[in-house]
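The values are calculated or read from the model by the stated rules, or taken from the named source; none is laboratory data. Owing to the predicted nature of the structure, the values given are computational and were not obtained by experimental measurement. Note that we place each Cβ from the backbone using ideal geometry, even for glycine, and neighbour counts take in every protein chain shown. Areas reflect the complete protein model, heavy atoms only, side chains present, ligands, DNA and RNA absent. Shrake-Rupley method; radii C 1.70, N 1.55, O 1.52, S 1.80 Å.
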Amino acid sequence: MDAARLKSIPVFAPLGKRELRRVAECADEIEVGAGEELLREGRYAFEFFAIKDGAAEVVRDGTHVADLGPGDVMGEIGALSHGQRTASVIARIPSTVIFIRAQDFRHLADELPALGEQIRQLVDARMRSIDD
């Protein structure tokens, strides 16, 4: 994957060129169709996604809880914790997403302090919203 394409994703934006190249080594761009399920609530986490282009909806316990668009990420909570998905995410329209295996994502978060901090802040904010 082209490292420069990662710069438009806010969680990767603070990274330098070398760090972006490192992330790009672990990332793939994939196309998904409208209605395609990216994450399923309750399943174990094996991947992290960022939306490059398109839109998705987040559903928890059968209830719509959020809309996601370009630059938004999903799957970070389960990917970091080796845990189960806290929600399902379904593509609303054909979308391009960046895919990173959970194991690689955990290594990147440890290896790249700026990325690790961005992800920890995001996880903290999302965990607070789940508890509310």
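Among (i) 76; (ii) 61; (iii) 55, only one was calculated for this model; which label is it, if the read-out is percent of Cα pairs over 17 Å apart?
Of the listed options (i) 76; (ii) 61; (iii) 55, (iii) comes from this structure.
Express in % the proportion of alpha carbon pairs of segment 90-132 at distances exceeding 14 Å.
In whole percent, the share of Cα-Cα pairs in segment 90-132 beyond 14 Å is 64.
Quick check: at a probe of 1.4 Å, how many percent of the accessible area of segment 36-132 sits on carbon and sulfur atoms?
Ligands and nucleic acids excluded, carbon and sulfur reach 48 percent.
Roughly how many nanometres apart are two label points built 7 Å out from the Cα toward the Cβ at Val65 and Ala34?
Placing both labels 7 Å beyond Cα along the Cβ direction yields 2.6 nm.
According to a simple spin-label model (label point 7 Å from Cα along Cα-to-Cβ), what is the distance in nm between Tyr44 and Cys26?
The answer from the label model is 1.9 nm.
Send over a whole-number figure in Å² for the accessible area per residue of segment 1-124, probe 1.4 Å. Working shown, then result.
Values: 6100 Å² over 124 residues.
Averaged over the residues of segment 1-124, the accessible area is 49 Å².
Pull out the extension gain between Arg101 and His82, defined as 0.36 nm times the separation in residues minus the alpha carbon to alpha carbon distance; nm, one decimal.
On the way: separation 19, 0.36 × 19 = 6.84 nm, distance 1.16 nm.
Between Arg101 and His82, full extension yields 5.7 nm more.
How much space per residue, in cubic angstrom, does the convex hull of the C-alpha atoms of segment 4-61 take up? Walk me through the intermediate numbers first.
Details: hull volume 6.1 nm³, N = 58.
With only Cα atoms used, segment 4-61 gives 105 Å³ per residue.
Write out the chymotrypsin sites (Phe, Trp or Tyr not before Pro) in segment 29-89 meeting two conditions: DSSP loop, and at most 16 other Cβ atoms within 10 Å of their Cβ.
Values: sites: Tyr44, Phe46, Phe48, Phe49; in loops: Phe46.
Sparse-neighbourhood loop chymotrypsin sites (Phe, Trp or Tyr not before Pro): Phe46.
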